[in-house]
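A quick write-up on the structure given underneath.
The values are calculated or read from the model by the stated rules, or taken from the named source; none is laboratory data. Treat the numbers as computed from the prediction; the structure is a model and nothing was measured. Neighbour counts run over all protein chains shown; Cβ positions are idealised from the backbone, glycine included. In case anyone asks, the SASA skips ligands and DNA or RNA and just uses the protein heavy atoms, side chains included. Shrake-Rupley method; radii C 1.70, N 1.55, O 1.52, S 1.80 Å.
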Amino acid sequence: MPDELLGSVCHMSEDRFETLAIHAGQDPDPTTGAAVVPIYATSTYVQERPGVHKGYEYSRTDNPTRTALQTQVAALEGVGESAGGGCIATASGLAATALIGYLLKPGDHIVLPDDAYGGTFRLIAQVLVEHGIEWSAADMTDSATLDAALRPETKLIWVETPTNPMLRVVDIGMVVNAATSVGALVAVDNTFATPFLQQPLDLGADMVVHSSTKYLGGHSDTVGGAIVTNDADLLERLRFLQNATGPVPGPFDCYLVLRGIKTLGVRMERHTSNATVIANFLADDPRVDRVWYPGLPGDPGHAVAAQQMAGFGGMVSFTPLGGLDAANELVSRTRLFFLAESLGGVESLVEVPAAMTHLSVEGTALEVPQDLIRLSVGIEHVDDLVSDLDQALG
Ligand SMILES: *Cc1c(COP(=O)(O)O)cnc(C)c1O
């Protein structure tokens, strides 16, 4: 191995976010010097003698492209290579959530937010429940409501902040305190904020979960997920569960997320500044009924968000005057905002959660307003985005 190629490797723990995004886990390839981590398209690895190998045996268990991604994401969530813990990259965000579900046993109880991502809710209320796991939904912006939902059997508190699609902000430190009283694990879905804006492990959470399909990948071209923890035992258990159950991402998908994350910092800055302009435009517009954006000073989540986040993110929800008909018309008139599910890509998206991403919560406590419109504000020129919404409002 040409060691001189590795001589310039920097001291990761001292590096800042944007630098880690480009260098953590991404040393030059030891055999060729390739500056970019290769896509290791291999299922298996040649061994010298039975059990004697270079650290890889089979790509369900581990793959070098996946290892690079895992090191990168762990570093961005504040888990350095020397610390206990690390990251597990998964086949999707929901595969990450399902792996965490495997930590639980029949009789265990989960508390989740009463406006959780629809797929998280469906997994818990329609799948885990079949395996004897119980759940309650609570408004986690209110500590009394959260405390009332806790039971001696509560083993997991699921936090999403900001929530999807109501953009409520949950005080992570408050939930961590509540969890301590019953000995529950806290998992934070950090998909909306990304580690650039919010680092839940620093606030005491046990696990961070990502749908890397969204901002981490950032280009709407791949589906993936991740779990990060600073607890070495938990990491080992989750690695065992992933290897035993199989929801791994392929090397090409790992490469896409790895590449996307290199620009996460600059993208999040632009997503946030564009969303701020759009939230203010909508809030001042007489054709709009209500706007939800934690960056607006009047938003109920503003104070907590200002304290626990480095910025308010790229997601904005609103209701137009005129109810469901007006909402349906608006989303069919946008030109730059594509009418589509998902979020977090460079291109702007618009959707009606009640009829699209959140269909599965209809008739439950997690129901969202029928005429709510959710925007994933992209990084196009903000003036073009405002003009598009202006014409679509009619
Ligand atoms: C999309 C999403 C998920 C699920 O991730 P997939 O990659 O679609 O499986 C979980 N949480 C949030 C907040 C999401 O937006």
Those residues of the range 215-252 which are more than 14 Å from the ligand (Cβ to nearest atom) and part of a strand (DSSP E or B) amount to 228, 229
The residue that is nearest to the ligand (Cβ to nearest atom), considering only those in the range 194-214 that are among the hydrophobic types (A, V, I, L, M, F, W, C) and within 18 Å of residue 258 (Cα to Cα), is 209
- prompt: Would the range 226-237 turn up any residue that is surrounded by fewer than 17 Cβ atoms within 10 Å (Cβ to Cβ), over 21 Å from residue 342 (Cα atoms) and not charged (D, E, K, R)?
  reply: yes
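Considering only residues that are basic (Lys, Arg) and either free of Cβ contacts under 8 Å to residues at least 60 places away in the same chain or out of contact with any strand residue (DSSP E or B) (no Cβ under 7 Å at 6 or more places or on another chain) (or both), look in the range 238-271 and name the one that is nearest to residue 93 (Cα to Cα).
By that ranking, first place goes to 259.
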Listed by range, strands (runs of 3 or more DSSP E) wholly within the range 81-194 having at least 3 residues that are open to solvent by less than 20 Å² (accessible area, probe 1.4 Å) are 86-90, 109-113, 154-160, 185-189
Scanning the range 238-268 residue by residue, those surrounded by fewer than 21 Cβ atoms within 10 Å (Cβ to Cβ) and basic (Lys, Arg) turn out to be 239, 259, 262
Listed by first then second residue, the pairs whose first member lies in the range 172-199 and is under 11 Å from residue 158 (Cα atoms) and not assigned by TED's automatic domain parsing to the domain that holds residue 344, whose partner is among the charged types (D, E, K, R) and within 15 Å of the ligand (Cβ to nearest atom), with beta carbons under 6 Å and at least 6 positions apart or on separate chains, are 189/160
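Quick one: which of 382, 316, 352 is under 26 Å from residue 213 (Cα atoms), open to solvent by less than 20 Å² (accessible area, probe 1.4 Å) and in contact (Cβ under 8 Å) with a residue 60 or more places away in the chain? Lay out the reasoning, then the answer.
On the way: 382 fails: open to solvent by less than 20 Å² (accessible area, probe 1.4 Å); 352 fails: in contact (Cβ under 8 Å) with a residue 60 or more places away in the chain.
None of the other options fit; the residue is 316.
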Against the definition (of a type in the set (A, V, I, L, M), surrounded by fewer than 17 Cβ atoms within 10 Å (Cβ to Cβ) and assigned to a helix (DSSP H, G or I)), how does residue 279 come out, yes or no?
no
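What tally of residues in the range 67-80 results from selecting those that are part of a helix (DSSP H, G or I) and within 16 Å of the ligand (Cβ to nearest atom)? Lay out the reasoning, then the answer.
Looking only at the range 67-80, we keep the residues that are part of a helix (DSSP H, G or I), and these are 67-76.
If we keep only those that are within 16 Å of the ligand (Cβ to nearest atom) too, we end up with 69, 73.
Of the residues in the range 67-80, 2 are part of a helix (DSSP H, G or I) and within 16 Å of the ligand (Cβ to nearest atom).
Conditions (1) in contact (Cβ under 8 Å) with a residue 24 or more places away in the chain; (2) open to solvent by 20 Å² or more (accessible area, probe 1.4 Å), marked per residue:
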| residue | (1), (2) |
| --- | --- |
| 273 | yes, yes |
| 292 | yes, yes |
| 306 | no, yes |
| 330 | yes, no |
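Quick check on my filter: what residues within the range 90-110 are of a type in the set (A, V, I, L, M) and without any contact (Cβ under 8 Å) to a residue 60 or more places away in the chain? Steps first, answer last, please.
We begin by selecting, within the range 90-110, every residue of a type in the set (A, V, I, L, M); these are 91, 94-96, 98-100, 103-104, 110.
Residues satisfying the conditions are 104, 110.
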